[in-house]
Amino acid sequence: MTFYINARQTDSVCKISGSLRQCILHYRNNWSELVFLCIGTDRVTGDCLGPFVGQKLSSYSGTDFSVYGTLFQPVHALNLTDIYQHIQTHHPNALVIAIDASLGEKKHLGYVTIANGALHPGAAIHKQLPSVGHIHITGIVNVSGVLEQLTLQTTRLSTVIFLADKIVQGILESIPLSKTDFKQIL
């Protein structure tokens with residue numbers, strides 16, 4: 001199941017939160033902690049959605065969830081494999097939620113997608129990277145087509161920040177203090 005949420009709608013945070021809860025519910029008994037893997041680089045405007053989300057989430061992380069990938073310590077094509085192996089070793093029972101920017105159709109610009117299943121980072125720019133996560137969240141920051149790398153480089157920062165803010169708000173609304181609290185809500 002894939003959810004497309006227009007981030008410009010007034011109830012988008014509620015829809016992001018509800019969709020994420022539905023995806024997490026799919027893995028109800030298979031995890032003991034949450035890990036957010038926020039992918040991208042701060043060197044390309046359109047690709048900094050993940051690190052921007054990670055930076056904001058990191059101020060809330062603690063014993064109930066962990067965050068990998070921030071503006072100061074990004075997870076990108078050069079270190080993704082190593083970081084993902086680290087997560088699998090140090091968080092073997094974690095439910096991994098991967099977050100990244102994406103390109104899409106013009107009608108979906110400014111949408112957030114949430115779905116069960118692994119994220120395929122770098123697909124828009126034809127990079128061969130490992131698939132990661134159990135659930136993925138993407139923000140559609142620009143239109144796909146020709147010259148995807150240039151498209152990411154010329155993406156408006158305001159679009160990225162707007163989408164990142166909505167994603168973070170939705171995540172924080174859907175993540176209670178502990179797994180026990182989460183199961184009680186569901």
Residue list for region 147-184, restricted to those being modelled with pLDDT under 70 and in contact with a strand residue (DSSP E or B) (Cβ under 7 Å, 6 or more places away or on another chain) | Glu148
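Filter region 92-107 down to the residues that are under 18 Å from the mean Cα position of the chain (by Cα) and more than 24 Å from Leu152 (Cα to Cα), then identify the one that is surrounded by the fewest Cβ atoms within 10 Å (Cβ to Cβ).
Only one residue fits best here, namely Ala94.
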Quick one: how many residues across region 110-136 are modelled with pLDDT of 95 or more and not in a loop (DSSP other than H, G, I, E, B)?
-> 9
Would you mind telling me which numbered condition in (1) touching a residue at least 40 places away in the same chain (Cβ under 8 Å); (2) under 17 Å from Val160 (Cα atoms); (3) touching a Phe, Trp or Tyr at 6+ places or on another chain (Cβ under 9 Å); (4) not small (Gly, Ala, Ser) Asp42 fails?
-> (1)
Strands (runs of 3 or more DSSP E) wholly in region 1-80 with at least 3 residues that are farther than 23 Å from Pro130 by Cα and out of contact with any strand residue (DSSP E or B) (no Cβ under 9 Å at 6 or more places or on another chain) - which ones?
-> none
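If you scan region 125-175, which residues turn out to be hydroxyl-bearing (Ser, Thr, Tyr), buried (at least 20 other Cβ atoms within 10 Å of the Cβ) and over 15 Å from Gly40 (Cα atoms)?
Thr159, Ser174
The values are calculated or read from the model by the stated rules, or taken from the named source; none is laboratory data. A quick note: this is a predicted structure, and the numbers were derived from the prediction, not measured. Note that each Cβ is placed from the backbone with ideal geometry, even for glycine, and that neighbours are counted across all protein chains shown.
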